[in-house]
Amino acid sequence: MTNPIHRTWTRLTGWSATTPWASLTVWAALLFILAASVARAFTYPPLGSADEPAHLDYVVTVWHGHLPVFENGLTYRVPWGVQVPVQWVAQHPPLYYVLLAPIVGPLWDSGHTLTAVMAGRMASAVLIAVAVPASAWAASRCFPGARRLPGATAVVTAFAGIVIQQGSSIYNDALYYPLVVLACGIAGAALRDGITRRLLVAATLVVAAGMTTRLSFGLWAVAVVVALLLARNVRLARDGAPARGRAALVGRIVAAAVPVLAAAAAAGWFYVRNKAITGNFSGRQAEWGIEHARRIVRPIGEIAADGGVWRGLFGIYRGAIDPMNFPTWLILLVPLVLGLAVAVVGSVRRAGRASAVAADTDRRALRSHGLAAAERRRDRLAGLLVVLMFVAVSALLVITQLDYVAGGGSPNTRYSMTVLPIIAIVMAAGLTGWRPLSGLLVTAWVVAAAFPYWTLVDLHVSGMVPHAALMVRLAFTVSVVAAVACVVGAFLDARRPRGRRFAPAPDADDQDRAAPSSSR
């Protein structure tokens, strides 16, 4: 028997656990990110960053029925916090601010400005927490045979310092990142399992919402559209039967067009407005940054050779530590290297098994197993397409960011959140690729990642927020309990039985993939 919550989760996501404890890691990671975001929110001074006052101003401006303009500066200011000269987030589409407006706006209008800021931060914490179970779901859709991967992906996501920081402030990244994660899972699901009516609805909503949140979501919008065009099959009929021949081709084209049309209808007007006001669809004000913010234009080759640019862009786990601090990079690099090794070893072993089967099976056996062999080939092709998608999105992000910095932009770690779902999945594969060691590796990684998290909180903080230290202590205590539960869940995940479905996964020896049609 399964409980109603589990049945609803399975119905909505298609991801079902095979044991009672299988979801412990995911839900513990969810609790951790919520508690960690709250602890950070009460530690960091309200409006203490250069962007948060501008994001808050955008929220209140939308609440009052207007859109901000870069040159007009901030319309709504407070005497505390960082003072900014222009409205430098006005180029972003308004969805995040529309969602926060009913929460922040009434408090602001009633004169409770500090409460309005903290309420906005709590809303951001809830929004970004969605990314944790979504990351587990995305991992299960991209690599459905890797049974330990979803939980580890949730943990790796929850402990990312940049995710905690954005979840503790009024930043549109709090909505942008969950949408990116969902887009990753939707694209993976289309390539692995094909297009269904439910998946098409999800793709339409996510792509439209993403393009109404940040222009950089365009990378994942393209990935989703291409995945729909290359989907394994199309099952849009009421009976769920896969379309054949020309009907399948038409179905793929229609499915790919629907999210594009939805995004154009939802966000196209805003980018046209950017073009009219600033002269470009992105709304970027590069000249102002060069003139007033000491930004410089450099050749892209020089940017690519600058280690500081890479450390600034990918300092995902640094916490409040200097991004140049090398030990914190081991938290990122060691699992990444292990993940790549897992993928290589797994590919070699799968190729060896395929050769052995071909050598040991006569023609009659091959014919009798033809359907199973074809299914495995389709699985391998779908897995290859997912990997190629990961490579393409990552490469495009790097190219666009190098171009952005070369034109006078700043290598901000927030921008790497576009590919953080990919990074998290690869890291999780490295930590869980060898089942006997997966619990120990996840435990060691959590212990290491706890240090940069510790730098984000202050148990004795004193400031303008009443009872801030008490709130930090309570939230931090909950986060510690959740971190311990993540470790326990990792060990329990390592004991999980084999799955019933064959699907290639980025693992080395036994990422628990098997099926009745398997040739082993």
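The values are calculated or read from the model by the stated rules, or taken from the named source; none is laboratory data. Computed from a prediction, not measured in an experiment: that's the story for all the values here. Cβ atoms come from the backbone with ideal geometry, glycine included; neighbour counts cover every protein chain shown. Just the protein is used for accessible areas: all its heavy atoms, side chains included, with ligands, DNA and RNA removed. Shrake-Rupley method; radii C 1.70, N 1.55, O 1.52, S 1.80 Å.
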12 Å tail of the calculated P(r), the stretch 447-491, as % of Cα pairs: 67
So the carbon and sulfur contribution to the accessible area of the stretch 186-227, 1.4 Å probe, in percent, is 79
Global geometry of the stretch 74-212, whether rounded, prolate or oblate, following the gyration tensor of its Cα atoms and the 1.5 cut on a/c: prolate
So, with a 1.4 angstrom probe, what is the percent of accessible area on the stretch 364-490 that is carbon and sulfur? 73
Cα-projected label distance for residue 403 with residue 462, points at 7 Å along beta-carbon direction, nm: 5.2
From largest accessible area down, sort 197, 235, 141; use a 1.4 Å probe on the protein chains. 197, 235, 141
Can you send over the solvent-accessible area of residue 443, 1.4 Å probe, protein chains only, in Å² to the nearest 10? 40
Rounded, prolate or oblate (a/c below 1.5 giving rounded, otherwise prolate when a/b exceeds b/c) for the stretch 159-301 by Cα gyration tensor: prolate
Exposure ranking of 375, 302, 52 by accessible area [1.4 Å probe, largest first]: 302, 375, 52
Write down the radius of gyration of the stretch 60-112 and its Dmax, each obtained from C-alpha positions, in Å. 11.3, 28
Residue 83-residue 412 FRET efficiency (beta carbon distance; Förster radius 25 Å; 0.05 resolution): 0.80
Nitroxide proxy distance, nm - points 7 Å out along Cα→Cβ at residue 197 and residue 247: 1.5
For residue 296, what accessible area in Å² do you get when you roll a 1.4 Å probe over the heavy atoms of the protein chains, rounding to the nearest 10? 100
Solvent exposure of the stretch 159-266 as accessible area per residue, Å², 1.4 Å probe: 35
